[in-house]
Amino acid sequence: MKRKNAITISSALRDYVHRVKIDEDMLALDIERMWAEFVGEEFLQYTQGMMMKNKQLYVTMLSPAASNELMMRRSEILKKIHERFEIDSTVLSAIHF
């Protein structure tokens, strides 16, 4: 006999993660793992770290020149991240270098 109000395990876990706001940290880790895909190998060596706060990604760069180049490409990078993780601006709205 099936319950009418039954939910899947994946749906329950997604709701739980969203409630405790772990999803931002998990997304930041996923972006960091795939950073070379979004910006290219040449910028990977200049990236020191990243974190998410209030739906915005903060990236620490070692080189001002690399930071400036990525600032000019930020909308392109943001679009690639949105497409790759199937998210929109309600999850990640901006990138700061």
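Please treat every number below as a calculation from the coordinates, not as lab data. Everything quoted here is computed from the prediction, not taken from an experiment. Here Cβ is always computed from backbone atoms with ideal geometry, including for glycine, and neighbour counts include all displayed protein chains.
Helix 23-33 and the longest principal axis of the Cα set of the chain meet at an angle near 40°.
Helix 9-19 axis versus longest C-alpha principal axis of the chain: approximately 60°, rounded to the nearest ten. Since only SER93, LEU13, SER75 are under comparison, the one whose Cα sits farthest along the positive direction of the charge dipole of the chain, derived from C-beta charges on Lys, Arg, Asp and Glu, is LEU13. Extension gain for the segment THR60 to LEU29, taken as residue separation times 0.36 nm less the Cα-Cα distance, is 9.7 nm to one decimal. Projecting label points 7 angstrom from Cα along Cα→Cβ for GLU42 and LYS80 puts them 1.2 nm apart. Of all aspartates and glutamates in the structure, those lying under 15 Å Cα to Cα from LYS79, and not within fewer than 8 positions of it along the same chain, are GLU37, ASP88. 3J(HN,Hα) along the range 85-92, derived from phi through the Karplus expression 6.51 cos²θ - 1.76 cosθ + 1.60 where θ = phi - 60°, amounts to 9, 6, 10, 10, 6, 6, 9, 9 Hz, with x in place of Gly and Pro. Name the residues of the range 47-68 whose amide N is less than 20 Å from a point 7 angstrom out from the Cα of SER89 along the C-beta direction? Under 20 Å, as judged by backbone N against the label point of SER89, lie 52-59 of the range 47-68.
The convex hull defined by the C-alpha atoms of the chain has an orientation-averaged projected area of 7.3 nm².
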